[in-house]
1. If I filter segment 52-67 for residues that are hydroxyl-bearing (Ser, Thr, Tyr) and surrounded by 15 or more Cβ atoms within 10 Å (Cβ to Cβ), do I get at least one hit?
2. Of everything in segment 110-168, what is within 24 Å of the chain's Cα centre (by Cα), among the charged types (D, E, K, R) and under 22 Å from Ile64 (Cβ atoms)? Give them in sequence order.
3. If we scan segment 17-35, do we find a residue that is among the β-branched types (Val, Ile, Thr) and in contact (Cβ under 8 Å) with a residue 60 or more places away in the chain?
4. Go through (1) farther than 30 Å from Pro131 by Cβ; (2) assigned to a helix (DSSP H, G or I) for Phe37 and report which single condition fails.
5. What do you reckon, is Ile27 at pLDDT 95 or above and either touching a strand residue (DSSP E or B) at 6+ places or on another chain (Cβ under 7 Å) or part of a helix (DSSP H, G or I) (or both)?
6. Within segment 128-168, how many residues turn out to be closer than 24 Å to Asp62 by Cβ, out of contact with any helix residue (DSSP H, G or I) (no Cβ under 9 Å at 6 or more places or on another chain) and part of a loop (DSSP other than H, G, I, E, B)?
7. With respect to Ile74, determine if the residue is surrounded by fewer than 17 Cβ atoms within 10 Å (Cβ to Cβ) and under 16 Å from the mean Cα position of the chain (by Cα).
8. For Leu90, work out the one condition from (1) within 29 Å of Leu11 (Cβ to Cβ); (2) part of a helix (DSSP H, G or I); (3) more than 12 Å from the chain's Cα centre (by Cα); (4) without any contact (Cβ under 8 Å) to a residue 40 or more places away in the chain it doesn't fulfil.
Amino acid sequence: MNPVVNSINKLIFTGRWLQAPLYLGLIVILAAYVYRFILELFHLVWNFSNTNNTDVMLGVLDLIDVVMIANLIIMVIMGGYETFVSRLNLHNHPDQPEWLDELDAGTMKVKLGLALIGISSIHLLRTFIDPSTQSNNNVMWQVVIHLTLVVSAIAIAYTNCLIPKGKK
């Protein structure tokens, strides 16, 4: 093979490592979400006896929202790194997530879509529990966005099923 072409190929292949700092940055954001979760948990527990049931439920939904976003970040970090940068080599590790073995770019898109639907569902539930904080127009747009996410995830999953397994 031509040495120039071979060098270009190696440079392009090595370029995937430029994504590694992006995944490390997401770990920093994940740490910030852990800090936020701890603060919100402490606030909820500390004020529990002085809080009405609706506010407790909204506080719990806020905590669930933080956890779901953290799960989304973990999926992006681990799945993206494994798919696009380098193998994690966790095959014999006892804590290896089961979903990581079957992950490819198409499957990752479906899982991310489902995670976004879950996060959107929490936001909608929060709105429905305390609708007085939102205008009707805002509630309508939240529902439209949620339905758009659902339709998009279904379309991505369907398209992923149409692609032969060896071609993903």
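1. No - not one qualifying residue is present in segment 52-67.
2. Lys111, Arg126
3. Within segment 17-35, not a single residue is among the β-branched types (Val, Ile, Thr) and in contact (Cβ under 8 Å) with a residue 60 or more places away in the chain.
4. Among (1) farther than 30 Å from Pro131 by Cβ; (2) assigned to a helix (DSSP H, G or I), the lone unmet condition for Phe37 is (1).
5. Against the criterion (at pLDDT 95 or above and either touching a strand residue (DSSP E or B) at 6+ places or on another chain (Cβ under 7 Å) or part of a helix (DSSP H, G or I) (or both)), Ile27 qualifies.
6. 1
7. yes
8. That leaves (2) as the condition not met.
The values are calculated or read from the model by the stated rules, or taken from the named source; none is laboratory data. Note that the structure is predicted; figures quoted are calculated from it, not measured. Glycine also receives a Cβ, built like all others from the backbone with ideal geometry; neighbour counts cover every protein chain displayed.
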